[in-house]
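The values are calculated or read from the model by the stated rules, or taken from the named source; none is laboratory data. Since we're looking at a predicted model, the values are computed, not measured. A quick note on method: Cβ atoms are made from the backbone with ideal geometry, for glycine too, and the neighbour counts reach across all protein chains shown. We work out accessible area using only protein heavy atoms, side chains counted, and drop any ligands, DNA or RNA first. Shrake-Rupley method; radii C 1.70, N 1.55, O 1.52, S 1.80 Å.
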Amino acid sequence: MEINFLAVIVAALSSFIVGFVWYHPKVFGTIWMNEIGMTDEKLKQGNMAKIFGLTFLFAFMLAFMMQMLTIHQFGAFGMIGGDLANAKPSYLAFMNDYSDAFRTFKHGAFHGLLASLFIVMPSIATNSLFERKSFRYAAITSGYWMVIMTIMGAIICGWK
(Lines give C-alpha, C1' and ligand atoms only; values in the text may rest on other atoms or scores of the structure.)
Protein backbone atom coordinates (compact mmCIF):
# COMPACT_ATOMS: atom_id res chain seq x y z
CA MET A 1 0.00 0.00 0.00
CA GLU A 2 1.44 3.30 -1.04
CA ILE A 3 0.36 6.48 0.66
CA ASN A 4 -1.09 9.05 -1.72
CA PHE A 5 0.43 12.17 -0.17
CA LEU A 6 -1.20 14.43 -2.76
CA ALA A 7 -4.63 13.14 -1.71
CA VAL A 8 -3.70 13.66 1.95
CA ILE A 9 -2.62 17.26 1.27
CA VAL A 10 -5.76 18.02 -0.76
CA ALA A 11 -7.93 16.46 1.96
CA ALA A 12 -6.17 18.58 4.59
CA LEU A 13 -6.65 21.73 2.50
CA SER A 14 -10.35 20.93 2.11
CA SER A 15 -10.77 21.75 5.79
CA PHE A 16 -9.80 25.36 5.05
CA ILE A 17 -12.35 25.67 2.25
CA VAL A 18 -15.14 24.19 4.35
CA GLY A 19 -14.06 26.25 7.36
CA PHE A 20 -14.16 29.46 5.32
CA VAL A 21 -17.77 28.72 4.37
CA TRP A 22 -18.90 27.08 7.63
CA TYR A 23 -17.58 29.82 9.89
CA HIS A 24 -18.54 32.68 7.59
CA PRO A 25 -20.67 35.26 9.44
CA LYS A 26 -23.62 34.54 7.15
CA VAL A 27 -23.49 30.80 7.85
CA PHE A 28 -22.47 29.78 11.41
CA GLY A 29 -19.64 32.23 12.16
CA THR A 30 -21.65 34.82 14.07
CA ILE A 31 -23.51 32.20 16.10
CA TRP A 32 -20.27 30.37 16.88
CA MET A 33 -18.53 33.58 17.95
CA ASN A 34 -21.43 34.46 20.24
CA GLU A 35 -21.46 30.97 21.76
CA ILE A 36 -17.76 31.12 22.71
CA GLY A 37 -17.67 34.80 23.61
CA MET A 38 -15.38 35.71 20.72
CA THR A 39 -15.25 39.29 19.49
CA ASP A 40 -13.74 40.82 16.38
CA GLU A 41 -11.10 42.44 18.61
CA LYS A 42 -10.09 39.09 20.15
CA LEU A 43 -10.07 37.51 16.71
CA LYS A 44 -7.58 40.09 15.43
CA GLN A 45 -5.23 39.49 18.37
CA GLY A 46 -4.38 35.93 17.34
CA ASN A 47 -1.17 34.92 15.61
CA MET A 48 -2.78 33.88 12.33
CA ALA A 49 0.39 32.33 10.88
CA LYS A 50 0.66 30.06 13.91
CA ILE A 51 -3.06 29.29 13.96
CA PHE A 52 -3.28 28.43 10.26
CA GLY A 53 0.06 26.60 10.26
CA LEU A 54 -0.94 24.36 13.15
CA THR A 55 -4.42 23.96 11.71
CA PHE A 56 -2.90 22.60 8.50
CA LEU A 57 -0.61 20.28 10.48
CA PHE A 58 -3.56 18.90 12.46
CA ALA A 59 -5.70 18.56 9.32
CA PHE A 60 -2.81 16.74 7.62
CA MET A 61 -2.55 14.36 10.58
CA LEU A 62 -6.29 13.67 10.44
CA ALA A 63 -6.25 13.16 6.67
CA PHE A 64 -3.27 10.83 7.02
CA MET A 65 -5.12 8.64 9.52
CA MET A 66 -8.28 8.68 7.39
CA GLN A 67 -6.49 6.20 5.13
CA MET A 68 -6.64 3.59 7.86
CA LEU A 69 -10.31 4.33 8.51
CA THR A 70 -11.50 4.36 4.90
CA ILE A 71 -9.21 2.06 2.89
CA HIS A 72 -9.81 -1.54 3.91
CA GLN A 73 -6.66 -2.76 2.18
CA PHE A 74 -4.60 -1.12 4.93
CA GLY A 75 -5.94 -3.83 7.25
CA ALA A 76 -4.54 -6.53 4.99
CA PHE A 77 -1.28 -4.59 4.75
CA GLY A 78 -1.13 -4.46 8.54
CA MET A 79 -1.55 -8.23 8.73
CA ILE A 80 1.86 -8.68 7.09
CA GLY A 81 3.44 -6.16 9.43
CA GLY A 82 3.70 -3.52 6.73
CA ASP A 83 6.63 -5.25 5.07
CA LEU A 84 6.05 -6.69 1.60
CA ALA A 85 9.19 -8.80 1.97
CA ASN A 86 7.32 -10.84 4.59
CA ALA A 87 4.20 -11.24 2.46
CA LYS A 88 3.08 -14.70 1.51
CA PRO A 89 1.83 -15.38 -2.00
CA SER A 90 -1.71 -15.38 -0.61
CA TYR A 91 -1.36 -11.69 0.31
CA LEU A 92 -0.22 -10.79 -3.19
CA ALA A 93 -3.07 -12.82 -4.68
CA PHE A 94 -5.54 -11.09 -2.34
CA MET A 95 -4.26 -7.65 -3.31
CA ASN A 96 -4.41 -8.55 -7.00
CA ASP A 97 -8.03 -9.58 -6.58
CA TYR A 98 -9.21 -6.90 -4.15
CA SER A 99 -6.86 -3.92 -4.37
CA ASP A 100 -9.64 -1.66 -5.64
CA ALA A 101 -12.52 -3.15 -3.65
CA PHE A 102 -14.51 -0.43 -1.90
CA ARG A 103 -12.10 2.25 -3.18
CA THR A 104 -14.73 4.82 -4.11
CA PHE A 105 -15.47 8.39 -3.10
CA LYS A 106 -18.87 7.28 -1.82
CA HIS A 107 -17.42 4.53 0.37
CA GLY A 108 -14.79 6.88 1.79
CA ALA A 109 -17.41 9.52 2.51
CA PHE A 110 -19.50 6.93 4.36
CA HIS A 111 -16.58 5.89 6.59
CA GLY A 112 -15.58 9.51 7.15
CA LEU A 113 -19.10 10.31 8.29
CA LEU A 114 -19.22 7.25 10.56
CA ALA A 115 -15.87 8.19 12.13
CA SER A 116 -17.08 11.71 12.80
CA LEU A 117 -20.38 10.49 14.27
CA PHE A 118 -18.85 7.86 16.55
CA ILE A 119 -15.46 9.39 17.41
CA VAL A 120 -15.43 13.15 16.98
CA MET A 121 -18.99 14.12 17.87
CA PRO A 122 -19.00 12.25 21.20
CA SER A 123 -15.62 13.81 22.07
CA ILE A 124 -16.80 17.34 21.31
CA ALA A 125 -20.13 16.76 23.06
CA THR A 126 -18.43 15.42 26.18
CA ASN A 127 -16.01 18.35 26.34
CA SER A 128 -18.90 20.74 25.74
CA LEU A 129 -20.80 19.29 28.69
CA PHE A 130 -17.90 19.70 31.11
CA GLU A 131 -16.93 23.11 29.71
CA ARG A 132 -20.57 24.21 30.04
CA LYS A 133 -20.72 25.04 26.33
CA SER A 134 -24.11 25.27 24.70
CA PHE A 135 -25.78 22.67 22.53
CA ARG A 136 -25.49 25.15 19.65
CA TYR A 137 -21.71 25.28 20.06
CA ALA A 138 -21.47 21.47 20.12
CA ALA A 139 -23.74 21.15 17.10
CA ILE A 140 -21.85 23.76 15.03
CA THR A 141 -18.45 22.35 15.92
CA SER A 142 -19.47 18.71 15.48
CA GLY A 143 -21.24 19.55 12.23
CA TYR A 144 -18.09 21.13 10.84
CA TRP A 145 -16.08 17.99 11.62
CA MET A 146 -18.78 15.75 10.18
CA VAL A 147 -18.60 17.63 6.88
CA ILE A 148 -14.79 17.71 6.91
CA MET A 149 -14.33 14.04 7.71
CA THR A 150 -16.92 13.05 5.12
CA ILE A 151 -15.05 15.05 2.48
CA MET A 152 -11.65 13.85 3.67
CA GLY A 153 -12.81 10.24 3.63
CA ALA A 154 -14.14 10.65 0.09
CA ILE A 155 -10.88 12.20 -1.15
CA ILE A 156 -8.61 9.72 0.59
CA CYS A 157 -10.52 6.58 -0.36
CA GLY A 158 -11.61 7.55 -3.85
CA TRP A 159 -8.38 9.08 -5.13
CA LYS A 160 -6.24 6.21 -6.36
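Within a Cβ distance under 14 Å of Phe94, other residues only, what is the Lys/Arg minus Asp/Glu net charge? Cβ neighbours under 14 Å give a net charge of -1.
The sum of -39500 (n - 2.57) across all DSSP H runs of n ≥ 4, divided by the residue count of the chain, sets its helix-only mean residue ellipticity at 222 nm to -23000 deg cm²/dmol. With protein chains left intact and a 1.4 Å probe, residues in region 1-62 average 69 Å² of accessible area per residue.
Using a 1.4 angstrom probe with every protein chain in place, what is the largest-first accessible-area order of Tyr98, Tyr144?
Ranked from most to least accessible, the order is Tyr98, Tyr144.
When Phe56, Phe94 are compared by accessible area at a 1.4 angstrom probe, the order from most to least is Phe94, Phe56. Can you flag which of Lys44/Lys106; Lys50/Lys106; Lys26/Lys133; Lys42/Lys106 are past 28 Å Cα-Cα? Long pairs (Cα-Cα over 28 Å): Lys44/Lys106; Lys50/Lys106; Lys42/Lys106. If you take the Cα centroid of region 98-160 and the Cα centroid of region 29-93, the two points sit 11 Å apart.
Averaging the inverse of every distinct alpha carbon separation and then flipping it gives the Kirkwood radius. What is it for the chain, in angstrom units? After inverting the mean inverse Cα-Cα distance, the result is 17.4 Å. Coupling constants for region 53-69 follow from the phi torsions by the Karplus curve (6.51 cos²θ - 1.76 cosθ + 1.60, θ = phi - 60°), and in residue order they are x, 5, 4, 5, 4, 5, 5, 4, 4, 5, 4, 4, 6, 4, 4, 6, 8 Hz; glycine and proline get x.
Across region 114-127, rounded Karplus estimates of 3J(HN,Hα) from the backbone phi angles (6.51 cos²θ - 1.76 cosθ + 1.60, θ = phi - 60°) give 4, 4, 5, 5, 9, 10, 6, 4, x, 5, 5, 5, 5, 4 Hz, Gly and Pro being marked x.
Based on protein heavy atoms only, region 69-160 ends up with 59 Å² per residue of surface accessible to a 1.4 Å probe.
Converting phi to 3J(HN,Hα) with the Karplus coefficients 6.51, -1.76 and 1.60 and the offset θ = phi - 60°, region 4-12 yields 8, 5, 5, 5, 5, 5, 5, 4, 5 Hz in sequence order, with x at every glycine or proline. Ligands, DNA and RNA left out, the 1.4 Å accessible surface of the chain is 70% carbon and sulfur atoms.
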